[in-house]
Amino acid sequence: LAVAGSYILARRMVAPITALETGAQELAAGVLDHRVSVHTGDELEMLADRFNYMADRLHESHSELEHKVVRRTLELETANRAKSLFLAVASHDLRQPMHALGLFSSQLSRKPLPHDIRRLAQQIEASVVALGNLLDALLDMSKLDAGAVIPEIVDFPVSDILDRIEGSF
C-alpha cells in the first residue's frame with residue numbers, strides 16, 4: 001500500500017515538475033510568451049504561478065527594450081542626417097571665403113617682397129592649401145555619410161598621406 005501510494009504521489013509530481021522544466025527550457029530559448037500550466041493546489045502550482053509572473057516581467061522588459069532600441073535608432077539616424085546636412089552646408093559656406101583667401105595669398109606671393117615677408121607669404125599660401133584640403137575632406141565625409149559616394153577600397157602607399165600630414169604641420 002505504501003509503495004502504491006508513493007507511486008501515485010510520484011506520478012502526480014512528475015507532470016508538474018516536467019511542465020516547470022519545459023517552461024524553463026522555453027524561457028532559456030527566448031520564448032518569452034510560454035506559460036506553465038500546473039493545477040495541483042500545492043507548492044508546485046505556486047511555483048508555476050511565480051514562474052509565469054517572472055516570464056511576464058521578462059516579456060514586458062524585453063518589449064520595452066525593443067521599443068527603446070527602435071526609438072534610439074531613429075534618433076541616431078535623425079542626428080546623423082542632421083550632421084551630414086550641417087557638414088554639407090558648412091563646407092559649402094566656408095568654401096567661398098576659402099577660395100577668396102587662396103586668391104589673396106596667391107596675389108601676395110606674386111608681389112616683389114623682401115625675403116622674410118616672401119617666406120611668410122609662402123607659409124600663408126601653404127596653410128590656405130592645407131585648410132582647403134581639410135574642407136574638401138569635410139565635404140567628402142558629408143557625401144560619404146549621405147551615401148552620395150561609395151568608397152572604393154584600394155591599396156596605396158602610406159607615405160603619400162604621411163607626407164601631406166607632415167606638410168600640414
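The values are calculated or read from the model by the stated rules, or taken from the named source; none is laboratory data. Predicted model only: the values in this text are computed from it and were never measured. No Cβ is skipped: glycine too gets one built from the backbone with ideal geometry, and neighbour counts run over all protein chains shown. Protein only, heavy atoms only, side chains kept; ligands, DNA and RNA dropped before computing areas. Shrake-Rupley method; radii C 1.70, N 1.55, O 1.52, S 1.80 Å.
The Cα-based radius of gyration and maximum Cα-Cα distance (Dmax) for the chain are 35.6, 122 Å.
Averaging Cα coordinates gives a centre for segment 135-169 and one for segment 3-79; these two points are 53 Å apart. Surface composition of the chain: carbon and sulfur make up 64 percent of the accessible area, probe 1.4 Å. Over segment 74-117, accessible surface divided per residue gives 79 Å², non-protein components excluded, 1.4 Å probe. Taking the chain as a Gaussian network of alpha-carbon nodes connected by springs under 10 Å, the highest mean-square fluctuation of the residues P97, P157, P112 belongs to P157. Note on K83: lysines with a C-alpha under 26 Å away, same-chain residues under 8 apart excluded, are K68, K143. Kirkwood's formula applied to the C-alpha pairs of segment 51-114 gives a hydrodynamic radius of 16.8 angstrom.
Close amide-amide hydrogen proximity is noted between V36 and N52, each under 5 Å apart and 5 or more residues distant or on a separate chain (H modeled in the peptide plane; Pro and chain starts excluded). Over all pairs of different C-alpha atoms, segment 17-63 has a mean inverse distance whose reciprocal, the Kirkwood radius, equals 10.6 Å. Of the whole protein surface, M13 contributes about 100 Å² of accessible area at a 1.4 Å probe radius.
Length gained on full extension, T18 to A130, computed as 0.36 nm times the residue gap minus the Cα-Cα distance: 33.0 nm.
In the chain, a dipole from Cβ-located charges (positive for Lys and Arg, negative for Asp and Glu) runs towards its positive end, and of S6, L134, T40 it is L134 whose Cα lies farthest in that direction. The charge dipole of the chain, taken about its Cα centre with unit charges on the Cβ atoms of Lys, Arg (+1), Asp and Glu (-1) only, comes to about 680 debye.
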